[in-house]
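Engineer: Structure in structure tokens, see below.
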Ligand SMILES: [Ca+2]
Ligand SMILES: [Ca+2]
């Protein structure tokens, strides 16, 4: 009778003796067969398969998913942060717009709406608003 050994076939053959379960899987010695209990993140008859945790597309905002053991890592697109890259970084948080300019948060950048009299990316540049006639200083 297979699965048994010994002169009177009373000794159960240990099918786990060859350590068939890979990647720290636990082997169950059964009658004429074995089964593997795999660690989290592994599957297959021999625990040979690394489950792809990226299949569900857990990363957001065009992030790249990197499969790991029993987990994954999201590599965020510039301008995003968080475990799933779900957060749009607020580039206005540092108050980059000077001289009363209004900041608009965008993806990986900001935009300043400058107060009159100011210009430049951060409203740091004074605008000359005088026209030519105002510059004319007559001799008295
Ligand atoms: Ca995996
Ligand atoms: Ca942003």
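The values are calculated or read from the model by the stated rules, or taken from the named source; none is laboratory data. Predicted model, so just to flag it, every value in this text is computed and none were measured. Every residue, glycine among them, receives a Cβ derived from its backbone with ideal geometry; neighbour counts consider all protein chains shown.
Engineer: Which ones in region 43-74 are assigned to a loop (DSSP other than H, G, I, E, B), surrounded by 14 or more Cβ atoms within 10 Å (Cβ to Cβ) and under 15 Å from the mean Cα position of the chain (by Cα)?
Structural biologist: The answer is 53, 54, 58, 59, 60, 61, 63.
Engineer: Report, by residue number, each residue of region 102-128 that is more than 16 Å from ligand 2 (Cβ to nearest atom), in a strand (DSSP E or B) and without any contact (Cβ under 8 Å) to a residue 12 or more places away in the chain.
Structural biologist: Hits for region 102-128 are 119, 125, 126.
Engineer: Name the single residue that is farthest from ligand 2 (Cβ to nearest atom) among those in region 72-101 being farther than 30 Å from residue 42 by Cα, free of Cβ contacts under 8 Å to residues at least 12 places away in the same chain and in contact with a strand residue (DSSP E or B) (Cβ under 8 Å, 6 or more places away or on another chain).
Structural biologist: 95
Engineer: Assess whether residue 18 counts as being loosely packed, with under 15 Cβ neighbours inside 10 Å and within 16 Å of ligand 2 (Cβ to nearest atom).
Structural biologist: It is false that residue 18 is loosely packed, with under 15 Cβ neighbours inside 10 Å and within 16 Å of ligand 2 (Cβ to nearest atom).
Engineer: Turning to a different aspect of this structure: I'm checking my understanding of the structure. Among residues of region 26-41 that are in contact (Cβ under 8 Å) with a residue 24 or more places away in the chain and within 14 Å of ligand 1 (Cβ to nearest atom), which one is farthest from residue 14 (Cα to Cα)?
Structural biologist: 41
Engineer: Return yes when residue 8 is out of contact with any strand residue (DSSP E or B) (no Cβ under 8 Å at 6 or more places or on another chain), at pLDDT 90 or above, outside any strand (DSSP E or B) and not assigned by TED's automatic domain parsing to the domain that holds residue 68 and no when it is not.
Structural biologist: no
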